[in-house]
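**Student:** Can you keep this structure in mind? I'll have questions shortly.
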Amino acid sequence: ARGEWGSGTLDVMSEEHEPVLDVSMRFTLQPVVDLPGPALMRVPMGASPGGILRLARSPAERCLSERHIERTSLTLPRGHKVMGKLPPDAVFRQGAWTYRSTYRVIQQADQARIDVTREYIADCKRSALSRDDRTTRDDLRGVTWTDLRAQVTISKTSPAR
């Protein structure tokens, strides 16, 4: 559904009637191309059918209090690194809505890992949206849509001489 190839597992840790859905996914993506030079890679979105992607694609006409957190860790193949700057952290806090994301690179020996956290919170006092609420929601939608399209540049490291 996201245009990626690979395999993995999905585990639901929540009980059937819990108000919080806790899902863990672990998967390995197949490389599409192996370029000798730098290549752009889009940071994957969470795999849940709702959440932040739903917010970015089609804003609701009502405000529903909810919270979505997506934590993604991408371990690069050995011999690859992140070049240049990471996408900027996003911070949006206005009215009932909060959205934030963070991007970090963790270097462990000869392997790099990219950690991404995206969080969306709606703390609604009422369900009906005013004209100002719609404007704010549309501003939030622009921030989330831009953030979900974030890319990093990946390159093979030069062999030691």
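**Student:** Tell me which lysines have Cα within less than 22 Å of Lys156's Cα, excluding those fewer than 8 residues away on the same chain?
**Tutor:** Within the straight-line cut-off, Lys156 pairs with Lys81, Lys85.
**Student:** With every protein chain left in place, what is the accessible area of Met41 in Å² (1.4 Å probe, nearest 10)?
**Tutor:** 60 Å²
**Student:** Moving to a separate point now. Probe 1.4 Å, all protein chains in place: accessible area of Lys156 in Å², nearest 10?
**Tutor:** Roughly 90 Å² of Lys156 is accessible to a 1.4 Å probe.
**Student:** If you don't mind, another one. Could you order Arg67, Arg131 so the one with the most accessible surface comes first? Probe is 1.4 Å. Don't jump to the answer; show the numbers that get you there.
**Tutor:** Details: Arg67 150, Arg131 200 Å².
Highest to lowest solvent-accessible surface, that is Arg131, Arg67.
**Student:** What accessible area, in Å² to the nearest ten, does a 1.4 Å probe give for Trp145?
**Tutor:** For Trp145, the solvent-accessible surface is approximately 90 Å².
**Student:** Please list, in order along segment 122-138, the HN-Hα scalar couplings obtained from phi with the Karplus expression 6.51 cos²θ - 1.76 cosθ + 1.60 (θ = phi - 60°), rounded to whole Hz, x for Gly and Pro.
**Tutor:** The phi angles translate into 10, 10, 7, 8, 8, 7, 6, 8, 7, 4, 5, 4, 5, 5, 4, 4, 5 Hz.
**Student:** Short version: ³J(HN,Hα) in whole Hz for each residue of segment 97-114, in order, from phi by Karplus 6.51 cos²θ - 1.76 cosθ + 1.60 (θ = phi - 60°), x for Gly and Pro, what are they?
**Tutor:** 10, 9, 9, 8, 9, 9, 10, 9, 10, 10, 9, 10, 6, 9, 9, 9, 10, 9
**Student:** Another one. How large is the charge dipole for segment 90-161, taken about the Cα centre, if only the Cβ atoms of Lys, Arg (+1) and Asp, Glu (-1) carry charge, to the nearest 20 debye?
**Tutor:** Details: 14 positive and 9 negative charges, 18 e Å.
For this selection, approximately 80 debye.
**Student:** Sticking with this structure for a sec: Using a 1.4 Å probe and counting only protein heavy atoms, arrange Arg54, Arg26, Arg126 so the residue with the most accessible area comes first. Show your work: numbers first, answer last.
**Tutor:** Working: Arg54 90, Arg26 185, Arg126 135 Å².
Most to least solvent-accessible, the answer reads Arg26, Arg126, Arg54.
**Student:** Please list Val82, Val20 in order of solvent-accessible area, largest first, computed with a 1.4 Å probe with all protein chains present. Mind dumping the intermediate values first?
**Tutor:** Working: Val82 30, Val20 90 Å².
Per-residue accessible area, sorted high to low, gives Val20, Val82.
**Student:** Once the other residues with Cβ under 10 Å from the Cβ of Ser65 are scored (Lys, Arg +1; Asp, Glu -1), what is the net sum?
**Tutor:** Values: positive: Arg67, Lys125; negative: Glu66, Asp123.
Taking every other residue near Ser65 into account, the sum is 0.
The values are calculated or read from the model by the stated rules, or taken from the named source; none is laboratory data. All of these numbers come straight from a predicted model, not from anything done at the bench. Using ideal geometry, Cβ is built from the backbone for each residue, glycine included, and neighbour counts are taken over all protein chains shown. Quick note on the areas: whole protein, heavy atoms, side chains included, nothing else; ligands and nucleic acids left out. Shrake-Rupley method; radii C 1.70, N 1.55, O 1.52, S 1.80 Å.
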